[in-house]
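Asks: Can you keep this structure in mind? I'll have questions shortly.
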Amino acid sequence: MSSPSTRPTPATAPDVSPPRRHPVVLFDLDGTLIDSLELLVGAMQHAFDSREGPRPTVEQWVATIGRPLMWQFGQYATGEDDLQQLVRTYRAFQYEHHDRLTRTFDGIPALIERLRTAGHPLGVVTSKADHLANRSLAYVGLAPSFDVVVGADRTTKHKPDPDPLWFALAALDDRPDRTVYIGDSPFDVMAGNAAGTVTIGVTWGAATHHQLLEASPTHVVSSVGELDTLLAKLGSTLAT
């Protein structure tokens, strides 16, 4: 008599469940990945120095970093011609001094490499113009690591509106509830909250810890190492 066929027991049966997907990690650019505050402030001062008229203090300007450039200058321009001239002068300064005044924050390249190696979909969502954002990422060597870059040219609404984040997630074919958005500005936090993502405010950029807390982020971190640890924890809780 033939012996009964051998069937795998539950302990030895192959796992046919789909692999868990790593959550999406989206970053702001200036003040989060790259240290460009001196460039941004220098370009602003150069633009306003080029003409007579209303101008912000450095503190007032820094408080609006994270909004589109046209919006920032629009608060002080005396008309459309003045607005366009301010923007042109600002961008000319940025083009000339970009490489000298653009660098990553310490620890960021290693963090991005770890996330990429682990399998996280990665993106950048910034209020910077697309070509400038891509130039900055290429210059610091981070461009190949990101699956999507959404700049101010991609959407008609901008942070703190959630549209730029939703645009990025549509490109990645993923969901807000599986996504972390990281930024240094209250506008980043507000956009992420409105989009339905986990939000992480970082204190090494333009905003203070208190300013970030007023926007109600899910988390606030004060170092890249702390961010790395938090993302490792969120990677397991948000994976599906």
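Asks: Over the stretch 38-175, what is the relative contact order in whole percent, taking alpha-carbon pairs under 8 Å and six or more residues apart?
Replies: Numbers: 140 pairs, mean separation 30.6, N = 138.
This gives 22 percent for the stretch 38-175.
Asks: Still on this structure, I have one more. Quote the Stokes-Einstein diffusion coefficient, in whole µm² s⁻¹, for the stretch 24-143, based on the Kirkwood radius over alpha carbon pairs, a temperature of 37 °C and a viscosity of 0.692 mPa s. List each step's numbers first, then the result.
Replies: Working: Rh = 15.3 Å.
Reported coefficient: 214 µm²/s.
Asks: May I pose another question? Can you give the convex hull volume of the alpha carbon atoms of the chain per residue, in Å³? Don't skip to the answer; put the middle values down first.
Replies: Numbers: hull volume 32.5 nm³, N = 240.
That works out to 135 Å³ per residue.
Asks: Pick from ASP81, ASP49, ASP147: which is most flexible by mean-square fluctuation in a GNM of the chain where alpha carbon atoms under 10 Å apart are linked?
Replies: Ranking ASP81, ASP49, ASP147 by mean-square fluctuation puts ASP81 first.
Asks: Output needed for the stretch 38-100: three equivalent-ellipsoid semi-axes, defined as square roots of 5 times the C-alpha gyration tensor eigenvalues, in descending order, whole Å.
Replies: Values: eigenvalues 57, 37, 22 Å².
They are 17, 14, 11 Å, listed from largest to smallest.
Asks: Still on this structure, I have one more. For a protection proxy built on the mean count of beta-carbon atoms within 10 angstrom, sort 40-46, 106-112 highest first, please.
Replies: On the way: 40-46: 19.1, 106-112: 16.6.
Put in order of decreasing packing, that is 40-46, 106-112.
Asks: So, one more: Choose one of LEU132, GLY196, TRP61: the residue whose Cα lies farthest towards the positive end of the charge dipole of the chain (beta-carbon charges +1 Lys, Arg; -1 Asp, Glu; about the Cα centre).
Replies: The listed residue farthest towards the positive side: GLY196.
Asks: With +1 on each Lys and Arg Cβ and -1 on each Asp and Glu Cβ, and nothing else charged, work out how big the dipole of the chain is about its Cα centre, in Debye to the nearest 20. Mind dumping the intermediate values first?
Replies: Working: 20 positive and 28 negative charges, 157 e Å.
Computed about the Cα centre, the dipole is about 760 debye.
Asks: Relative contact order of the stretch 38-100, please, whole-number percent, based on alpha carbon pairs below 8 angstrom and at least 6 residues apart.
Replies: Details: 44 pairs, mean separation 30.0, N = 63.
In percent, rounded to a whole number, it is 48.
Asks: Okay, moving on. Along the three principal axes, how long is the stretch 124-240 when you take its alpha carbons, biggest first, rounded to the nearest angstrom?
Replies: 33, 31, 29
Asks: Considering only the chain, what is the antiparallel percent among its DSSP beta bridges, to the nearest 5?
Replies: Working: 2 of 21 bridges.
If we restrict to bridges inside the chain, about 10 percent are antiparallel.
Asks: Taking only DSSP H segments of four or more residues, each worth -39500 (n - 2.57), what value at 222 nm results for the chain once the sum is divided by all its residues, to the nearest 500 deg cm²/dmol?
Replies: Working: 10 runs with 104 residues, N = 240.
Mean residue ellipticity at 222 nm (helix-derived): -13000 deg cm²/dmol.
Asks: I need the peptides 121-134, 152-165, 67-80 ranked by packing, meaning the mean over residues of other C-beta atoms within 10 angstrom, with the highest value on top. Could you put the intermediate results ahead of the total?
Replies: On the way: 121-134: 21.8, 152-165: 19.1, 67-80: 16.2.
Ranked from most to least packed, the peptides come out as 121-134, 152-165, 67-80.
Bear in mind these aren't lab numbers, they're just calculated from the coordinates by the rules spelled out. The structure presented is a predicted model; accordingly, all values stated were derived computationally and were not measured. As a convention, Cβ positions derive from the backbone with ideal geometry for all residues, glycine included, and neighbour counts pool all protein chains shown.
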